[in-house]
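Everything below concerns the one structure shown next.
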């Protein structure tokens, strides 16, 4: 996953909610484009989910999936 993929998803109009699947299998939902920040060097992403903050290095993001689309894991089963 790279910063361009995330920026592309954030820039879609109308915005389409998506989820980030981490290398651990954990999923982080992104419900609004204003809930995501990339650091200046575009190596780390911050996602706000309610009252929780997720700080993730981009190499640990395995997949970006738009809501309603099956994940790679679901397609494999």
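Worth pointing out:
- Reference-scaled alpha-carbon Rg (2.2 N^0.38 Å with N residues) for the chain: 1.04
- Theoretical FRET efficiency, 1/(1+(r/R0)^6), r = Cβ-Cβ of residue 3 and residue 27, R0 22 Å, to 0.05: 0.70
No lab work stands behind these numbers, since they all come straight from the coordinates. All values reported here derive from a predicted model rather than from experimental measurement. Cβ: placed from backbone, ideal geometry, glycine included. Neighbour counts: every protein chain shown.
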